[in-house]
Every structure is written in C-alpha cells, then in structure tokens.
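These notes are about the structure you will find just below.
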Amino acid sequence: MSGLYTRFTSGVLFPLHERLKRHDSVAVRRSLEASQWWPPERLEALRVERLRALLVQAGQHVPYYRELFAEAGFDPSTVASVADLQRLPFLTKAVVRAQGERLRHEQAEGLARFNTGGSSGEPLIFFIGRERVSHDVAAKWRATRWWGVDIGDPEIVVWGSPIELGAQDRVRAWRDRLLRTELLPAFEMSEAKLDGFVAAIRARRPKMLFGYPSALSHIARHAERRGQRMDDLGIEVAFVTSERLYDDQRETISRLFGCRVANGYGSRDAGFIAHECPSGGLHLTAEDVIVEIVAPDGRVLPPGQSGEIVVTHLATKDFPFIRYRTGDVAVLDTARCACGRTLPLVKEIQGRSTDFIVAADGTVMHGLALVYVVRDLPGVRGFKIVQHSLQRTEVQLVADAGFDRPARAAEIQAGLKRRLGAGVQVDVNYVDAIAPEKSGKYRYVVSHVAAASPAPEAAPHA
C-alpha cells in the first residue's frame, strides 16, 4: 500500500507538474486504466477510429503524406480496419532523414527535437509533440501501477542517455527530489563507481529500480562479489528496458535485489510499445500503438511468426510515425493473459541488445558511452563500433559525400581514447554500408572482450 507522501505526489504534485507542461497525462492514464479491461471488439473500434483520425490529419496537414496519399489515390476517411494500413508504404529511417521537415504537421507547435541512433546505428532526427509525450507518460504510468508502486515511491534510475543526464539543472534536480527519484549514470562501471552505486541504492532504499537490464545485473553481481546484500532493502520491482532482457539477467536481478522484474519494450522514436504485467504477460499499449510483424518481403505475418516490428503510433499527428520500421524482431501471441487485461500480448522480443565495452584499465562501461561520440556527428549515415581487443577498437562509418573525413576521424579517435584509454588504437574505416549480423539483426556496438569482464551476462550473443 502506498504511503501518504506517494499518494500526495501521484495525486497532486505530479499532475500539477504535467499541467504546467501542458500535458494530458493524467486524463490519458485514467482512460487507459479503463480501456485495458474492454472487450477486444470495443478496443479495436477505438484503434480504428483513432487511426482514421491520424491519417486524415496527415493527409490534410503533413506535406509528405498529402503528396503520398494523392499519388496512391488513398482516401484516409475510408479507413475501416487496421488492415487498411497495408495499402501504405513503410516509413523507414532513410525516409525520415530525407523528408525531414516535410513530415511535420503544418500547424504543430512546441515540438521537441530528438536525435537517436536507432537499432541500426543510423542517426535519426525527429520531433515529438505534447500529445505523444502525454500518451507515453500515461502508458508508462499505467504499467508502473500494475506492480503496486506509483510515482512518488522512492526510485533509482540507472540510465545512460545524455537527454536525461544533460537535464540535471536546478529545476530538474528539484523535480527529482520531490518525486523521490535518483539518477545514476550508466556509462562507467568501474569498481569505484559500482561501489558508489551500491551505496546509493542502499541509502535510498528504493521501492523500484529502472534501467538497462545489463547495467542492473552488473550492479547486482558486483554487490554479490563484495558480499553486500541487496535483497533486504524492500525493493518491490525492477523495470528494465532499452535492451533485450535475457533469462540470466532476470534471475540475477530478481535474486540479488530480492524483487520482481518487469520487462518493457519501446524506444525514443517508436514510443512506449509493451510492458510486462505481474502475471507475466508482455502487453502491447494497444490503445496507442498498432504493431505489425513483417517478413523481409514486406508481408504482414500472423501471430506466432517472427518478423520485424512495424509501428504506427496513434498519438503522433504532429510528426506522424505511420508504419515505421523499427529494425527490431518479435513474435506476437494469440493467448490471453491470466491477469484479465484484454491488451494483446507479445510472445517474444528477439531484437536489440547493446554490449558493454571494456577500457584498457579494465573499467567496464555501457556501450552507449561510445555510441554518443559517433552518433550525433553531422553527416554520419550509419556506424558500427567493434572492440576487437583491449588495445584495438574499430569504427565502421557510412558518411555523406561532404563529410570532413580527417577532422571527424580525429574527433572520433580522441573521443574514444578518452573513454577507452590514451594508448588504445582506434581505427576509423569508411564503408559503403553496415553489414548485419549473421542473425540478420544489427548491433551498433560489438565487444569481443566483454566476455572476459566481470559481467559476461552483459554481452549476450543472440
């Protein structure tokens, strides 16, 4: 049962915070908590209605889609089922990069700009409006409450995105203090840093953890090596996301923190797509997201078959994501969850995993520490970072014709050496395209030395 402060935070402070930001998160969460129990037919009717509205807006006010619909003879007002989406082409990262501003709604205001590497390592610039933010916050909030915790309960977040870490100004610090959230940077996993993380978690005694599964399992194993118990803190649940969750990571986190583990799937570009409930079902946020599973030839596959996840986010009229190819691989399920919620289930997420990399002095850090050195450089179209040994790391780079190769290569080398060690050889090799793994998936960081680190579970080879 939540304490008085938590009830005050989730019922008063956070709603006020969202209202000041002009977000509708509170109302959306309440509607989601009702619709999760609806009969499937009613839920599907809502999805079709929202899909039709999104497509009508796109056809009227988004230059790219207005032209696309006209050329295809597509009338969005006639959409009568989710299957009608198959009359439209996929939205790829290449299309987003090429079209840019032509994907923005002509009347959109207050959009936030994002730059993400995506699953394939291709830099991607896109925009998110308040509607999308409100729906993603509400979906995450609903899923949090499934586990008996709420906004305002003490929380530790282990994260590595500069979007979050760069926002630690005075206002953000006060907000986190009021919400009882503490952020630990996941970039560096040295022995000293890990000792500090363990101490911070013990001092906070959080009810919930949130972070990368590889990072949380690494902290847990470090505590175990130190002989430090972490299962006596009253942690209720660890929410993990942004990477594939492996069985050994789930077992490690659950056993050493003494808590349940809730898997989540989503991304900055595609949105909050699915979350696990206490009964073990990985539920789609079906009210907001239409997920298609697609074969390499573009055919939509039935539940039970493995294919690429293609997402249409219904709260993205300001910058529409319609049939967006994520590059991730999954299998949908036809089963019903024991929890009683009628939200469709994901049977398995097979894609996306990010390695740890190891510096010359043995420091283990999240692979994203290297990704951010390369990802945001103008003119980079794709990349892959391969750590061949403690002494040598290679950067494979796909760049635009006007890319300043000598200057940028020196910048990349300096950035990686700051993280890996001054004596490490960093080779920057220009390639025409980034080749996928043998499995057909893309990984933008691959470390061949991570298995020798204290956290072999952090670098699984799926």
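The values are calculated or read from the model by the stated rules, or taken from the named source; none is laboratory data. Here the structure is a predicted model, which means the values were calculated and not measured. Reconstructed Cβ throughout: ideal geometry from the backbone, glycine too, with neighbour counts over all protein chains shown. These area figures cover heavy atoms from the full protein model, side chains too; ligands, DNA and RNA do not enter into them. Shrake-Rupley method; radii C 1.70, N 1.55, O 1.52, S 1.80 Å.
If I take every Cα pair under 8 Å that is 6 or more residues apart in the chain, average their sequence separation and divide by the length, what percent do I get for the relative contact order?
15 percent
More than 17 angstrom separation, counting every C-alpha pair in the range 162-279; what % is that?
58 percent
Counting only GluC sites (Glu not before Pro) that sit in a DSSP loop (anything but H, G, I, E, B) with at most 10 other Cβ atoms within 10 Å, what is the longest stretch of the chain containing none of them?
That gives 110-462 as the longest site-free run.
How large is Rg over Rh for the range 1-148, taking Rg from the Cα atoms and Rh as the Kirkwood inverse mean of 1/r across Cα pairs?
A ratio of 1.02.
What is the magnitude of the charge dipole of the range 359-447 about its Cα centre, with +1 placed on the Cβ of each Lys and Arg, -1 on the Cβ of each Asp and Glu, and no other charges, expressed in debye to the nearest 20?
200 debye
Measuring from label point to label point, each 7 Å out along Cα→Cβ, what is the Ala433 to Arg202 span in nm?
In this crude spin-label approximation the distance works out to 5.3 nm.
DSSP H helices in the chain with Cα extent of 30 Å or more along the helix axis and mean Kyte-Doolittle hydropathy at least -0.5?
Those that clear 30 Å and a mean of -0.5 are 40-61.
Semi-axes of the range 359-447's equivalent ellipsoid from the Cα gyration tensor, sqrt of 5 times each eigenvalue, largest first, rounded to whole Å?
20, 17, 10
How many percent of the accessible area of the chain is carbon or sulfur, using a 1.4 Å probe?
C and S fraction of accessible area: 52 percent.
For the range 359-447, what's the relative contact order in percent, using C-alpha pairs closer than 8 Å and at least 6 residues apart?
Values: 132 pairs, mean separation 32.1, N = 89.
In percent, rounded to a whole number, it is 36.
I'd like the distance separating the alpha-carbon centroids of the range 27-41 and the range 300-328, in whole Å.
The distance from the Cα centre of the range 27-41 to that of the range 300-328 comes to 21 Å.
Give me the accessible area of His388, 1.4 Å probe, in Å² rounded to the nearest 10.
70 Å²
Hey, what's the chain come to in accessible area per residue, 1.4 Å probe, Å²?
42 Å²
Between Leu16 and Ala45, what FRET efficiency follows from the Cβ-Cβ distance if R0 is 51 Å, with the result rounded to 0.05?
The formula returns an efficiency of 0.90 here.
With every protein chain kept in the model, how would you rank Lys21, Lys317, Lys384 by accessible area, 1.4 Å probe, largest at the top? Before the final figure, lay out the partial values.
On the way: Lys21 100, Lys317 75, Lys384 25 Å².
Solvent-accessible surface, decreasing: Lys21, Lys317, Lys384.
Report the Stokes-Einstein translational diffusion coefficient (µm² s⁻¹, integer) for the chain, Rh taken as the Kirkwood radius over Cα pairs, at 25 °C with viscosity 0.890 mPa s.
106 µm²/s
Kindly provide log₁₀ I(q)/I(0) values, in the same order as q = 0.20, 0.31 Å⁻¹, from the Debye equation applied to equal alpha-carbon scatterers of the range 298-351.
Debye curve over Cα of the range 298-351, log10 I(q)/I(0) at q = 0.20, 0.31 Å⁻¹: -0.83, -1.15.
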